[in-house]
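This report concerns only the one structure given below.
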Amino acid sequence: MDFASYTPKGSDDDWIKEAEDVLVKYRGKSDAEIVKAIYARAAAGKRDGTLTNEQIDAFYARFSPMLDGAKKKRLKKLVEELKRM
């Protein structure tokens, strides 16, 4: 899946599936590259109205338990930033 051709359907599951696809696509890449890709797509979704705060919360709830303390804190900061957009 590439981000340019993605058409969101608007559900929480769609955004979570997209994030999982990114993780697979970026396997072996640095954490920074993965975060940058997910953040860029999420920011675009917030700007164009296809990503809601509820979807951001669902993403955080799904992925944060898999992270250590520092990464979870970083993700929480990004989530808060996205929700303010």
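The values are calculated or read from the model by the stated rules, or taken from the named source; none is laboratory data. If you're wondering where the values come from, they're calculated on a predicted model, not measured in any experiment. Cβ sites come from the backbone with ideal geometry, for glycine too, and all protein chains shown count toward neighbours.
Applying the criterion of at least 1 residues that are at pLDDT 80 or above and within 20 Å of residue 85 (Cα to Cα) to the helices (runs of 4 or more DSSP H) found wholly in the range 1-75 leaves 31-48, 53-63.
Taken over the range 36-75, the criterion of being touching a Ser or Thr at 6+ places or on another chain (Cβ under 7 Å) and of a type in the set (D, E, K, R) is satisfied by 72 alone.
Out of everything in the range 57-74 that is of a type in the set (A, V, I, L, M, F, W, C) and in contact (Cβ under 8 Å) with a residue 40 or more places away in the chain, what residue ends up being nearest to residue 17 (Cα to Cα)? Looking at the filtered set, the residue picked out is 59.
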